[in-house]
Amino acid sequence: MDSVFRDIRRKDRVLSCDAAWKLLERGEYGFLAMQGMNGYGYGIPLSYAMRDRSLYFHCAPSGFKLDSLDVCDRVSFCVVGRTEVMPARFTTAYESALAFGRIRRSLPEAERLEALRLLAKYSPDYRETAEKYIAGSFGRTEVLRLDIEHVTGKGKRIETK
């Protein structure tokens with residue numbers, strides 16, 4: 001499958017595959033990019049959770065995003081890690097990971113429940129409250145799973161003097 005993806009042009013900026021996966025694991029949020037059902041690109045910021053080689057997102061059970069995914073389930077998801085703007089050098093130090101894959105909907109109930117529990121990573125001190133939120137909104141929450149097919153990472157590190 002990797003043959004459909006181009007290599008990063010700037011070889012000096014490539015992050016190792018392992019570093020890209022680690023950035024996906026520790027990321028706080030990312031941007032899901034897809035083809036909108038109107039033919040325009042559509043990218044939205046989302047919180048997410050990761051398990052194995054899949055990312056999970058939650059959303060309302062209807063809307064433009066889901067309608068677009070019904071037309072084309074191929075997406076990319078970009079997470080940006082540490083950044084540092086360096087005005088005097090006219091550049092920015094950064095790290096990013098880009099995951100490509102397909103979105104799956106209509107997941108089994110047990111997987112949806114587990115994904116919502118994984119998303120409680122944002123409130124680790126409130127697990128009991130999270131369970132109440134999950135129970136109260138489970139029937140009106142869609143859970144999406146991005147099955148990752150390819151990951152790349154890119155970064156620019158700058159020596160500071």
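How about the stretch 136-161: which of its residues are over 22 Å from ASP18 (Cβ atoms), open to solvent by 80 Å² or more (accessible area, probe 1.4 Å) and at pLDDT below 90? Listed by number, the residues that qualify are GLY139, GLU159, THR160, LYS161. A residue that is open to solvent by 50 Å² or more (accessible area, probe 1.4 Å), assigned to a loop (DSSP other than H, G, I, E, B) and either aromatic (Phe, Trp, Tyr) or at pLDDT 95 or above (or both) occurs somewhere in the stretch 106-115. Determine if the stretch 23-34 includes at least one residue that is among the hydroxyl-bearing types (Ser, Thr, Tyr), within 18 Å of VAL143 (Cα to Cα) and in contact with a strand residue (DSSP E or B) (Cβ under 7 Å, 6 or more places away or on another chain). Checked the stretch 23-34: at least one residue is among the hydroxyl-bearing types (Ser, Thr, Tyr), within 18 Å of VAL143 (Cα to Cα) and in contact with a strand residue (DSSP E or B) (Cβ under 7 Å, 6 or more places away or on another chain). The number of residues in the stretch 23-69 being free of Cβ contacts under 8 Å to residues at least 12 places away in the same chain and in contact with a Lys or Arg (Cβ under 8 Å, 6 or more places away or on another chain) comes to 0. Among the residues of the stretch 116-135 satisfying the criterion of being open to solvent by 70 Å² or more (accessible area, probe 1.4 Å) and among the hydroxyl-bearing types (Ser, Thr, Tyr), which is nearest to PHE57 (Cα to Cα)? Step by step, filter the stretch 116-135, then rank; the result is TYR122. Confirm whether LYS121 is in contact with a Leu (Cβ under 9 Å, 6 or more places away or on another chain) and basic (Lys, Arg). Taking the combined requirement at face value, the residue does not satisfy it.
The values are calculated or read from the model by the stated rules, or taken from the named source; none is laboratory data. Quick caveat: nothing in here was measured; it's all calculated off a predicted structure. Neighbour counts run over all protein chains shown; Cβ positions are idealised from the backbone, glycine included. In case anyone asks, the SASA skips ligands and DNA or RNA and just uses the protein heavy atoms, side chains included. Shrake-Rupley method; radii C 1.70, N 1.55, O 1.52, S 1.80 Å.
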